[in-house]
Every structure is written in C-alpha cells, then in structure tokens.
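Trainee: So that we are looking at the same thing, I have put the structure below in structure tokens.
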Amino acid sequence: MATAINNVVKIIYLNKNNASFYKTGDFIGMRFTNESGEQTDFGRVYLHRLFPYTELWTNISVMNKDSEEYGLIASIDDFDGESAELIKNELSIKYFIPKIKSILMLKEKFGFSSWKVNTDVGVVTFTVRDTYRSMIKIGESRIYVLDNDGNRYEIEDYNKLDKKSYKKIELYI
Amino acid sequence: MTEYEYKVYEKIKPNLTDIENGELPAAILSYDISSKKISDEDMFAVFYKDRFFLVENGKTVSCRQIGPDCRFEAKMLLGCVQLELIKCNEATIVCRSTMKHKTEFFVIAGRLCAILEGRPLREENIQVMRFCVKCGRPLSKDIEGDRCLRCMDKRKYVKKLWEVMTGSKAYIFLSMVLFFVVTGVNLLAPQIQRILVDEYITPRNRDVLPFVFIVLSMFGINLLSRLIGILRSRILIKASTDVITRLRSIVFEKVQKLSVASVSRRTAGNIMHRVTGDTTTIQNFMTNEIPGIIEQLLMFLSVGIILFVYDWKLALLIILPMPLAIAAHRIFRNRTRKMYRRQWQVGDQVQTLLHDIFSGIRVVKSFGMEAYENRRFEKETDEECRIRIRNERFFAVFSPIVNFLMGMGEFVLLYYVGNKIISGEMTLGEMAVFSTYVSLIYGPMRIFANITRQLTMLMVAVARVFEIVDEKIDVDDAVGAIKFKIKGNIEIEHVTFGYDESKEVLKDISLSIKPGEMIGVVGRSGVGKSTLINLIMRMYDVSDGRILIDGHDIREISQECLRSQIGAVLQETFLFSGSIYDNIAYAKPDADREEVIRAAKLAGAHSFIVKLPDAYNTYVGERGYTLSGGERQRISIARALLHDPRILILDEATASLDTETEKQIQDALSNLIADRTTIAIAHRLSTLRNATKIVVLDGAGVAEVGTHDALMRKKGIYFGLVMAQRQMSKMRVE
C-alpha cells in the first residue's frame, strides 16, 4: 500500500541543487530548477514548519501566497550559504516563540493564571486560561505555554530552570 | 482615527518631527516587537496619507513615504502579527507585535488600503477598539465590561451568586436562625452535664426525681438538636436546589442566546460541564459545606468566648498548640494541593482516554487496535494507581501528626485541671464542662484548616459558570426588533465576512433574490457557500455591507421571527433523541398527524419509515435505531417541509441520496418551491438545472450569475464544473 502511495503522490524535495533562495524586500523569494533543467523564479515564498512543536529545522514546506506547495525542505542542512541563512531568518520571523529563561511570578486565581517571565526577547507578562491544559508537554522536558491572546512561549527544558522557577510550574507538569 | 488613537496622538505629538501644523494622522497603530525583542512599553506607527513614522520609546526612529502604488497587508504569523508594506511587488515589514494587538493590525491595514485607494471607509475599518481600563491591554470581542481577564475583579462573581440567591433569601435567613438555635442548644448540654456531676454524682445525691429530670433534659436537648438539624437541612436543601435550578436556567438560556461563533469556541462537553458539573459543585458546597462551616464557626466563637470568660489562662493553654498545627498545615498545604491536583489530572486523563476509546470503538476494532488500546489504558491507570498510593501513604503519616499536634492542648488541660481539682479550685463537673468545650473547639479548628481548598474549588466553579453568563451576545436582537410576515425578497449588498479578522471568506458579495426564485449556489469546497447561508440565517453578523429581507436589514428583524420563517436542511443532519415522528414534528409542534405524514411522503421518507417495525414510533438519535445517511436526510427534509417556511435553504440536502430518490424529492420540491424563495447549494450540479439563477462563487466573490443555459453558453467556471462532473459520471458508467 505504502509503495502504491509513493508511486501516486510525488513530493518535490528542495535542496541546494534544485533551489536557491534570495532576498526580496524583507522576505525571501525562490528560484527552482526542474529535472529538465528549466529554471523558474517563483518570487516571494512562504515557509511553514510541518511539525512546529517537534521539528524546527526539518520538514519545512515552501508555498506561495495561496498555500500551493512548491516543495519540501527535508532538512535545512540540504542548503548552505546565503540560502540557509535566509531560511533560518524567515522562520525566525514567522515563528515568534519567546523562550522562557526564568519565571518571575505565577499566580493562579479562579482558573486564570497571571505570569511574569524573563524570556530571550525581554520580560513579558501574560494571562493563561485553564493553566494545566494550556501547557503542552513535548517529549521529556520541553513545554509550550499558550496564553490568552494566542501567543506561545517555550520552556526548552524545565529541569534546567532555576529552583524557584521550577517550583512555580511544578504543579502543572 | 478612533478616540483611543486620538488619545495616543495627543501623548506622542511632541515626539513627532516633520509634521505640518494641525495635520492629523489617518491611523495610529500600537506594536510591541522591535528588533525581535518584546518591549514592555508600547511603540507606535503613525500613518499620514503620504508617509508614516515609527515612534519607539518617545523617539521617531523611522519615516517612510507612501503613495497610491502602495498597499498594506496585515499577516497573522505564529505568536506574532505583522504589518507589511507592498510597493512594486516588494514587501517590507512596517512593524510587528505580539498577538495582543492582532485586531488593531487588521483593522488599520484595511483602513490604510481604503485611504490609499480613495475608497470610502467601511464599518470594519473604523471599528472602535476597546482597551482594559486598568492595564491598557486590548480587550477581546467576547469580553463584556471594561477589564481584561487579568484585571477583572473576580469577587464580582460572589456578588452575582448572591444576586441569584435573592429569590431564596427567606429560606437562607431561616436556616441561619436555626443554626444559632442548634449552636445554643449544643452549648447547653455541657452545663447540664456539670449539674449532673457536681450536684448528683459527686455528692452521691439520691434524690431520684430531679436526677431523672436532668437525664431526661439531656435526652431532650439531644433530640431537639437533631430535630432542628433535620429541619435546617430540609430548608437549606430547598434553598440550594432553587438557587441551582435558577442558575442552570440562566446558563442554559444564555447559551441559547449566544451566537454560533461563541458556542463553537467551546466543545459541547465543556458547555455541558458548566451547565451541570460546575453548578453541581456549587450546589454541593451550599448544601454540604456551608452548613458545616457556619455551624463550626458559630461553635468556635461561642465556645471560645465561654472558655475565656470561665478561665482565660486555661483558654490560652488550650489554644496554644493551635499555631503549631496551623503552621504544619501551611507548610504542607502547597504540597498537598499539588498532590491532589496531580491525582485529579491523572484521573481526568484516564476519563478522556476512556471517552476517546469508546466513542471511536468502531475505528479501534476495524484497525484491530484493541491490544494497543489496552496497553495505553493500563499505562494510564497504573500511573493513577501509583499517584493515589503515594498520596494515601503521605496522608497516612501526615494526618495523625497534625491531629496529635491539635490534641496537645488536651494534655495541657489535663495537667492544669488536675492541679486545680486537687487544690479544690475546680469541681469534677466543671472539668467535664471544660473537656466537652475543648473537644467542641477542636472540631472547627480541624475544619478551618481544610477550608481554603474547598473555597478555591467553589470559586473556580462560580467563575466558570458566570464566565458564560457574562459573555457578550455578539448576535443580539436590536432594540425594538421588528416582526413581520416575510415575502421572501432577499438583497445582499456588498457583504464582506470572515470568521476571524485575518481571513475574509466572502468579499464584497452582492446578490438580489426575488420572492419565489430558486437560486443555486455552486463553487469549490471552502469557497464560502455555507457561510453565505449562515449569514442569511443570521448565525453570524456580516463584517461589512448588509443583507435585506423585504427591505429590512436582518439586524433589525427579530431573530425568532426571521428563523421561524426560514427552513433549512443542512449538510449535517441532526436528529434529536426521540421518535421519528417527534423529529419531524419538531419544526411545528402543533402539527396534526396527517400534516406530519404528508411532509414525510413529500420528502420521500414515508416509504422507508413504514417498513420499520415501529414505523413513526421508531426511536432515533443517540442509543436509538441506526438510520442510514439518506434516511436521516429525508427525515430532515420532511422536518423543513413541515415548517412551511417562506425561505427554504437546502445545503447539500440531497447529497446522500441515490439519483432516483433525489429525482423524486426534486420533483416534490419543485411543486413546493413554486411560491417560496429557495436557496440551494449542491455539488451535484444536475440538481440545479431548474434554478431560476445560478450563482458561482470563486475566490471569496461572485464569479458568475445566470441561468444554467446562459452559464453553459458562457463557457466559464460553471461550464468547467459541469463538464468535469459529466466526465466523472461517464467514467463511473464505463
């Protein structure tokens, strides 16, 4: 069955041999060379992580404005030089997920919790509704916190938090 | 500019350079991300007709020119939103913000585009944004009041609960009086005990009659206390049941009033839990916890006073170990809270898993995943078991220690009282009184140690219930909403709509439908066909433009009046638990049997219903007889036909039927639709052959309008769709 699907559905994998990225305005564009050697300039392209929680630098879809897929980047390592840098930068613009370094305050009252955290992009305060369900545990020790406005924050490894910060979230882990 | 933008402008005006005197900006946008860092102070983008400035920390950091060849676009990214300036097909970032400013970004991008293109501003471009009066954060649409969730005064929920209790205040007051009576009676018992010991037992007084009288009075007091207790419980149960019934009705009525959008934000389980689970928590607290708390509080105060009046030194000795016990509780409170929370979470996970497996049991079995699910379930229950054992072990050690600490006062009492009795300062009877009072005062102390946990549980439940009750109704009847008999003339004027601000599903749609016309709506999946129908039924309000029925804006028509004259057969057929007859008659409860049967015949449902053993009495819905998709759809059509609506909406109404049955129903419908307005969505285009007009939706707008023949001649999108379907049918035949 799997072989049958493989024969029917073709995935175009993009790599440094068939694609290159360039800067257009503040964003990125892509030039693609197909198997017969014809080159097409797609103009501005949009990157989407297929597994944003678990895979940051692999399985990245490259699409146009209307969400039509041009191809997949299996791994960012398939590109080097300017293209790799541009891809990384574009992804860092699209996925704005501050990393929590320490938790300065966490108070829960009547089902809502107020947070004040120190992140890699500054001190942030936010409110979380239904705290337990808004903390998504990925793997052994990574946590995503979803706030009430729709922002996301990441705790890369809760075991590495300082003792005070850890104690504040221990209840929800 | 909105009032808020004007206020911001007044604040930052001194920092703006290069502006002519008196020139007002077209828009001011707050943002909080600069150089990939979040700033705790808001920054502003100030837009004029020909240029814009970025003001960060009180300084103008950038100024760029704009012209008619420019366009602004707001983009929702992950965890942030950004405004882009597109000039000569090249996009640059204007500013970025966390999601708290997302609505402003889309409103202002729309406004700026309208200004640059010279279009008049739409309602959505000047939408008044609301901000929390305390912290200034933008308020989301569903929040009523002027504070965000963070700053909201949660005590208001207690006030609201008290308001709901208004109708039962007399009962509550009466039960309070009885609390005082019971406490008084209970305090009397030790005093009689003292008389018994001091005047009869110790002096070996053989005066039988008073002795019997004393014993009888002790019996009487005990009996009285129990009887009053029973009466009080009955009154309190009556009061709390009344309050909860009222509260449930309030929540239920509110859920019915909320728009589809508001209800869709939550799962059915979540709403059910609030209507039943959370209100039950409140009821349990009122019937089980409150009486205990009040009784113990009264007991604590009165016994405390009595003890101090009797002998303040002794009273102090008794209360002395109390801080130790309270301290032990406080130290371990966080830990015990976490332990119970964890136990509750694991229990919740097991419940969710069970629910998932049982709801999807067909899938589990069809993929042969029973063993896998067994392992998954075992893993979760093992974890729950492990946590439960750990918690119980902890409490097995912790509780006796705390109780021992609490009881230390009794040893002190023994020593102190023993000394007094030996020295003759105190009688045995007085000692008995003291012992009883001491045991009475420890009860409340133990209960108060646990009260915080119960209060937190109550407040969470109260907050969750009132969160729904307080939710703003976004599709509400206008003041003085009109009611009238609909003729069926529908005018859709420049309607724009999106389920959220970042994506417009329908853009600038205009359409005119005359009474008695049958309109077919076609287009590819996700193009907004069902959305258009939802807007006509006013399940949502349009973002811009208006929909008129017989010349009245639907926002001015009473929703009950509007929907009672629209009959809809939707893609998802839903049957309530009940008989087939009840399900058809749902649309017109006063219909007689003949009408119901006629409607079923017209919908082609009668023939299969009579073949069922219980015919029209067949129980359907959850746990009922399983009907096929086509059968459900026919019942649903019968329901709509019985309703005899002025406007009939068919959203893929015949999709699950075979071609022959579909033809039968089509014929029946063509008789019916003669004098009513019909709007039909269909993927099978042959269904729409008889439509007065076919509307083709594409890319958020109306692409083609005309009769089947006219559109076929035009050879546009519709022609393409018909040809593709013919090809498919041919392939199937081959």
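Each value in this text was obtained by applying a stated rule to the coordinates, not by laboratory testing. Values in this document were obtained by computation on a predicted structure and should not be read as measured data. We place every Cβ from the backbone using ideal geometry, glycine too, and count neighbours over all the protein chains shown.
Trainee: Is there a pair in A:K107/B:K503; A:K23/B:K507; A:K65/A:K88; A:K137/B:K257 whose C-alpha atoms are over 25 Å apart, and which pairs would that be?
Mentor: A:K107/B:K503; A:K23/B:K507; A:K137/B:K257
Trainee: Evaluate E = 1/(1 + (r/R0)^6) for B:R51 and A:N89, where r is the Cβ-Cβ distance and R0 equals 22 Å; express this FRET efficiency to the nearest 0.05. Show your work: numbers first, answer last.
Mentor: Numbers: r = 27 Å, r/R0 = 1.25.
Working from the Cβ atoms, E equals 0.20.
Trainee: Counting only C-alpha contacts under 8 Å and six or more residues apart, can you give the relative contact order of the stretch B:572-644 as a whole percent? Can you show the working numbers first?
Mentor: Values: 94 pairs, mean separation 37.3, N = 73.
It comes to 51 percent, rounded to a whole number.
Trainee: Counting helices only, and only those DSSP H runs with n ≥ 4, report the 222 nm mean residue ellipticity of chain B as the sum of -39,500 (n - 2.57) divided by its residues, in deg cm²/dmol to the nearest 500. List each step's numbers first, then the result.
Mentor: Values: 23 runs with 384 residues, N = 734.
It comes out at -17500 deg cm²/dmol, rounded to the nearest 500.
Trainee: Separate question: Taking the mean number of other Cβ atoms within 10 Å as a proxy for protection, how do you rank B:471-483, B:546-558 from highest to lowest?
Mentor: Top to bottom by mean Cβ count within 10 Å: B:546-558, B:471-483.
Trainee: Separate question: Setting aside same-chain residues fewer than 8 positions from B:K11, which lysines have a Cα under 30 Å from its Cα?
Mentor: Qualifying lysines at Cα under 30 Å: A:K116, B:K36, B:K37, B:K49, B:K59, B:K75, B:K100, B:K102, B:K134, B:K141.
Trainee: Against the longest alpha carbon principal axis of chain B, how many degrees, from 0 to 90 and to the nearest 10, is the axis of helix B:659-672 turned?
Mentor: Tilt of helix B:659-672: around 90 degrees.
Trainee: How crowded by other chains is A:97-106, given as the mean number of beta carbons from other chains within 10 Å of each beta carbon?
Mentor: Mean partner shielding for this stretch: 1.
Trainee: Over the C-alpha atoms of the stretch A:2-94, what are the Rg and the largest Cα-to-Cα span, Dmax, in Å?
Mentor: 13.2, 42
Trainee: Still on this model: Show which lysines lie in cross-link reach of B:K485 when reach means a straight Cα distance below 20 angstrom and same-chain residues fewer than eight apart are skipped.
Mentor: Once the sequence-local lysines are set aside, what remains near B:K485 is B:K514, B:K588.
Trainee: Another question about this same structure. For the stretch A:1-134, calculate the relative contact order in percent as a whole number, restricting contacts to Cα pairs under 8 Å that are 6 or more residues apart. Can you show the working numbers first?
Mentor: On the way: 208 pairs, mean separation 20.9, N = 134.
Relative contact order here is 16 percent.
Trainee: Send over the per residue convex hull volume for the stretch B:365-434, Cα only, as a whole number of Å³.
Mentor: Given the Cα convex hull of the stretch B:365-434, per-residue volume reads 101 Å³.
Trainee: Sequence neighbours fewer than 8 away in the same chain don't count; with that in mind, list the aspartates and glutamates whose C-alpha is under 17 Å from A:K160.
Mentor: Cα-Cα hits under 17 Å: A:D120, A:E140, A:E170.
Trainee: For the stretch B:572-644, with only Lys/Arg (+1) and Asp/Glu (-1) charged at the beta-carbon, what is the dipole magnitude about the Cα centre, in debye rounded to 20?
Mentor: That gives the stretch B:572-644 a dipole magnitude of about 220 debye.
Trainee: What's the Kirkwood radius of the stretch B:153-238 in Å, using all Cα pairs?
Mentor: Numbers: mean 1/r = 0.0635 Å⁻¹.
Computed over Cα pairs of the stretch B:153-238, the Kirkwood hydrodynamic radius comes out at 15.7 Å.
Trainee: Between B:F308 and B:M369, 0.36 nm times their residue separation minus their Cα-Cα distance comes to what?
Mentor: 15.0 nm
Trainee: Ignore the peptide's own chain and count Cβ atoms of other chains within 10 Å of each Cβ in B:709-720; give me the average, rounded.
Mentor: Working: counts 0, 0, 0, 0, 0, 0, 0, 0, 0, 0, 0, 0.
For peptide B:709-720, the averaged partner shielding equals 0.
Trainee: Out of every Cα pair in chain A, what percent are spaced more than 24 Å from each other?
Mentor: Counting pairs separated by more than 24 Å, the tail of P(r) holds 49 percent.
Trainee: Hey, rough spin-label estimate for B:C113 and B:S628, points 7 angstrom out along Cα→Cβ, what's it come to in nanometres?
Mentor: That separation, rounded to one decimal, is 4.7 nm.
Trainee: Which one of B:L29, B:I86, B:I108 is farthest out on the positive end of the charge dipole of the stretch B:3-126, using unit charges on Cβ (Lys, Arg +1; Asp, Glu -1) and the Cα centre as origin?
Mentor: Of the candidates, B:I86 comes out farthest on the positive side.
Trainee: Mean separation of Cα pairs under 8 Å and 6+ residues apart, divided by the residue count of chain B: what relative contact order is that in percent?
Mentor: Value for chain B: 10 percent.
Trainee: Test of understanding: what is the full-extension gain from B:F484 to B:C151, defined as 0.36 nm times their sequence separation minus their Cα-Cα distance?
Mentor: Length difference between fully extended and current span is 115.5 nm.
Trainee: Applying 1/(1 + (r/R0)^6) with R0 = 25 Å to the Cβ-Cβ distance of B:K514 and B:K472, what FRET efficiency is obtained, to the nearest 0.05?
Mentor: Taking R0 as 25 Å, the efficiency between B:K514 and B:K472 is 0.10.
Trainee: Right, here's the next one. Treating the Cα atoms of the protein assembly as shown as identical point scatterers in vacuum, please give the log10 of the normalised Debye intensity I(q)/I(0) at q = 0.05, 0.06, 0.07, 0.10 Å⁻¹, two decimals.
Mentor: -0.45, -0.63, -0.83, -1.42
Trainee: Another question about this same structure. Starting from the Cα-Cα distance between B:F719 and B:K37, subtract it from 0.36 nm times their residue separation and give me the gain in nm to one decimal.
Mentor: Working: separation 682, 0.36 × 682 = 245.52 nm, distance 5.30 nm.
Gain in length upon complete extension: 240.2 nm.
Trainee: Give the calculated FRET efficiency between B:S399 and B:E660 to the nearest 0.05, with a Förster radius of 56 Å applied to their Cβ-Cβ distance.
Mentor: Computed FRET efficiency for B:S399 and B:E660 comes out at 0.15.
Trainee: Continuing with this model, one more query. Suppose every K and R has +1 on its Cβ and every D and E has -1 on its Cβ; what is the size of the dipole of the protein assembly as shown about the Cα centre, in Debye to the nearest 20?
Mentor: The dipole of the protein assembly as shown has a size of about 2000 debye.
Trainee: If you filter the stretch B:513-601 for chymotrypsin sites (Phe, Trp or Tyr not before Pro), then keep DSSP loop positions with at most 12 other Cβ within 10 Å, what is left? Show your work: numbers first, answer last.
Mentor: Numbers: sites: B:Y540, B:F574, B:F576, B:Y581, B:Y586; in loops: B:Y540, B:F574, B:F576, B:Y586.
Answer in residue order: B:F574, B:F576.
Trainee: Give me the distance in nm between label points sitting 7 Å out from Cα along the Cα-to-Cβ direction at B:F576 and B:R206, one decimal.
Mentor: About 8.1 nm separates the two model spin labels.
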